[in-house]
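The values are calculated or read from the model by the stated rules, or taken from the named source; none is laboratory data. In this text the structure is predicted, and so the values were computed from the model without any measurement. With ideal geometry, Cβ positions are generated from the backbone for all residues, glycine too; neighbour counts draw on all protein chains shown. What goes into the accessible areas is simple: the full protein's heavy atoms, side chains included, and nothing from ligands, DNA or RNA. Shrake-Rupley method; radii C 1.70, N 1.55, O 1.52, S 1.80 Å.
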Number of protein chains: 2
Amino acid sequence: MSSTTSSPRLVTVAACQLGPVHHADSRQDVLKRMLLLLEQAAQQGAKLAVFPELAFTTFFPRYLLDEADLDQYFDVEDPSKSGIEQSPNVKPLFDRASALGIDVYVGYAERSIQKDGTHIDYNSSVYYSANAKKIVGKYRKVHLPGTVEPRTEPGAVQQLEKRYFRPGDLGFPAFRAPGLVEGALKSSGQYTAAQSAGKGDPIIGMLICNDRRWAEAWRVYGLQGMEILCCGYNTTAFPTTASGHQLDLTPEAAEEMVMLHHKLSCQGNSYMNACFSINVAKTGAEDGNPLVGGTIIVHPLGHIIKEAQTKDDELVLATIDLADCHRPKSTVFAFEKQRRPEHYHPILDQTGVIEPDLL
Amino acid sequence: MSSTTSSPRLVTVAACQLGPVHHADSRQDVLKRMLLLLEQAAQQGAKLAVFPELAFTTFFPRYLLDEADLDQYFDVEDPSKSGIEQSPNVKPLFDRASALGIDVYVGYAERSIQKDGTHIDYNSSVYYSANAKKIVGKYRKVHLPGTVEPRTEPGAVQQLEKRYFRPGDLGFPAFRAPGLVEGALKSSGQYTAAQSAGKGDPIIGMLICNDRRWAEAWRVYGLQGMEILCCGYNTTAFPTTASGHQLDLTPEAAEEMVMLHHKLSCQGNSYMNACFSINVAKTGAEDGNPLVGGTIIVHPLGHIIKEAQTKDDELVLATIDLADCHRPKSTVFAFEKQRRPEHYHPILDQTGVIEPDLL
């Protein structure tokens, strides 16, 4: 926390849930839908708009695609030339956000051009600050689900993120959102450190989809004092076996289970890190492939403040008080008094399971 | 997991919830209540009985006590002489468990005699195996809540665990429960490693109360393949501020919040580690001091299998299938494929929060 007092630090945030994006939908059409949500969010006083994972296209890792097919889904970032903010598919979103004075979290497929001309692909998100008029946070998804090789069992459901993306290499870097709290300095080109401290700029963390099930990811952000976690997702509405088959459950029971896991992850980890979280779905049936909804804004005390009612484009707004992080961060989750890292070493020392000896 | 297949590994487990233990209640009376629950559990086919934290006495850390007052709450363990299993206050429980063929987890206040004759006190639990006829697991609470010095604000609620206990020094050691799974070898003095492997002896972890809110603790056990987590607790039915005052909530709203935090912790961490958990309350008003109930047995997929209905002595039984851990441990939570420890280093490198730089 920036503040040691509990004086209010109010900000209105908007989870911008997207309904299905079909294969045939043009990027222009999707961008139009996103701009409409952004306008509505700003009109209702929001200062932060959070969009889903891979927001601009259908969730393509469900398909086995060749290189040529894949290109259309990616935004190219060439550090020697330009970043995502210059992509013609994305720039209008940030331009409008800047004009409206609203920050944006958005997920996209990043094609990162290397010095030797080759590229590495990531499942990424950026945080655009309307006050700073630039991207102030970037994240590359660390916990990629699925497989590298397509599952070959007849009827198997594909999830090929491990094929199309490399695991993120940036870790979990929290950052401050300049001027996000209401009453902060607006539209200044000279936003200084002193102003940032004085205004209590919130500390933000970003995750993407499957990351939200990993307590380590939340904790690394929690250890940076995170007050707001932004997380977009595309989550299949049924659980599968290791070979990619749907479990023998009714669609309703399967979706109920997936929603429980989503909520336990978001609510449990928000509580255990005393932070707000804004968890935003791309949802509905994309060309017949069902994604769950469940866009939720969660309080640092773990309860859901606001939840989406549809599986379509929908704005979920809440005015949150960042001062609500203060009590849990200074009592039950005062890390400096309560944590015992001397007993946590297996978390770093090993990746997989090492079972205890037999009797 | 011991088994790589999904053939059933059934075991009936009993959460032995205790109602209030008042200051004036004798240890004999409490033991009698515990023995009654143990008998009932065994009669109904249970092979494991889980009792609360500090089960044998009232939750004394709510009082400021001098050394002489404190003595009565502790069980003395002198490694050169005898352990808790020889304490006259505890031995009848293990003797009966042995005769009934039922394992026991129980929490107690441990006074550990050192070589130089001084003592160190811990908030501990042990796991007694009826098949091995001995204690096969021991845990000392790592995450002690509360304060060392009494809170001095008028009307403050005391929680003096940090005063009376030292943080646990054993880490989070998982262990196997010999013969716990139904069909396993019973009552043999010659329980061998080969038998243990062949019978799929379950891997057990133990936590105590506040530990259950710490994802690191669960994960260290998860990294040992834990299939059942046992956790006893005494949880005050209202949240307090840093100065120990109750929040300005109705008693009903306060208890609802405490229960949400309890369930998010147990369900969220069971799900994220693909293990069963047996979470057992001492509950009701101890001399007017309210403790929450909420004894729950949780499935590795995160849902509650069975929940207590009262705030008194109550048996909560379930027959669980340890094979249910297999699918999540080999898919979404296949740690060796999914975890990325190279990005988790702050979890060990720092205890408290280090905020990101100002802009």
Honestly the stretch A:10-349 on the Cα gyration tensor test (a ≥ b ≥ c root eigenvalues; a/c under 1.5 rounded, otherwise a/b vs b/c for prolate or oblate) is just rounded
With labels modelled as points extended 7 Å from the Cα through the Cβ direction, what inter-label distance (nm, one decimal) is found for B:Asn89 paired with A:Ala156? 5.8
Of the accessible area of the protein assembly as shown, with the probe set at 1.4 angstrom, what percent is carbon plus sulfur? 52
Dipole of the protein assembly as shown, positive end: most advanced residue of A:Tyr221, B:Asn234, A:Ala97 [Cβ charges, Cα centre]: A:Tyr221
For the protein assembly as shown, what is the charge dipole size about the Cα centre, in debye to the nearest 20, if Lys and Arg each add +1 at the Cβ and Asp and Glu each add -1 at the Cβ? 560
How long is the gain from A:Gln246 to A:His23 if the chain were fully straight, where each residue apart is worth 0.36 nm and the alpha carbon distance is subtracted? 78.0 nm
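How much of the pair distance distribution for the stretch B:29-75 lies past 15 Å, counting alpha-carbon pairs only, in percent?
Above the 15 Å cut-off, the stretch B:29-75 has 55 percent of its Cα pairs.
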Added length on full extension, which subtracts the Cα-Cα distance from 0.36 nm per residue, B:Ala334 to B:Leu64: 92.5 nm
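Report the FRET efficiency, 1/(1 + (r/R0)^6), for A:Asp71 and A:Leu260, where r is their Cβ-Cβ distance and R0 is 25 Å, rounded to 0.05. Walk me through the intermediate numbers first.
Working: r = 37 Å, r/R0 = 1.50.
Efficiency computed from Cβ-Cβ geometry: 0.10.
Based on the Cβ-Cβ distance from B:Gln44 to A:Ser80, what FRET efficiency comes out when R0 is 51 Å, to the nearest 0.05?
Calculated value: 0.10.
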First select every other residue whose beta carbon is under 12 angstrom from the beta carbon of A:Ala242; then total the charges, Lys and Arg +1, Asp and Glu -1. +3
Note to self: with every protein chain in place and a 1.4 Å probe, the stretch B:10-349 gives an accessible area per residue in Å² of 34
Ignoring ligands, DNA and RNA, how much accessible area is buried between chains A and B, both sides summed, with a 1.4 Å probe, to the nearest 100 Å²? 6900
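Let me know the charge dipole size of chain B about its Cα centre in debye, to the nearest 20, where only the beta-carbon of Lys, Arg (+1) and Asp, Glu (-1) is charged. Walk me through the numbers on the way to the answer.
Values: 35 positive and 43 negative charges, 285 e Å.
It comes to approximately 1360 debye.
For chain B, what does the helix formula give at 222 nm: sum of -39500 (n - 2.57) over DSSP H segments with n ≥ 4, over the residue count, nearest 500 deg cm²/dmol?
Details: 10 runs with 86 residues, N = 359.
One gets -6500 deg cm²/dmol as the mean residue ellipticity at 222 nm.
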State the antiparallel share, in %, of DSSP beta bridges confined to chain A, rounding to the nearest 5. 65
From the Cα gyration tensor of the protein assembly as shown, with a ≥ b ≥ c the square roots of its eigenvalues, which class applies: rounded if a/c is under 1.5, or else prolate if a/b is larger than b/c, or else oblate? prolate
Under the convention of a label 7 Å out along Cα→Cβ, give the distances in nm from A:Pro8 to the same position in every other copy, shortest first. 5.8
Grab the other residues whose beta carbon is less than 13 angstrom from that of A:Gly352, score K and R as +1, D and E as -1, and report the net. +2
Honestly the stretch B:1-154 on the Cα gyration tensor test (a ≥ b ≥ c root eigenvalues; a/c under 1.5 rounded, otherwise a/b vs b/c for prolate or oblate) is just prolate
Output the pairs from A:Lys162/A:Lys282; A:Lys81/B:Lys337; A:Lys141/A:Lys263; A:Lys282/B:Lys329; A:Lys162/B:Lys329 with a Cα-Cα distance over 29 Å in this structure; if there are none, say none. A:Lys81/B:Lys337
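Any chance you could run the full-extension gain for B:Asp169 through B:His303? It's 0.36 nm times the residue separation minus the Cα-Cα distance, nm to one decimal.
45.0 nm
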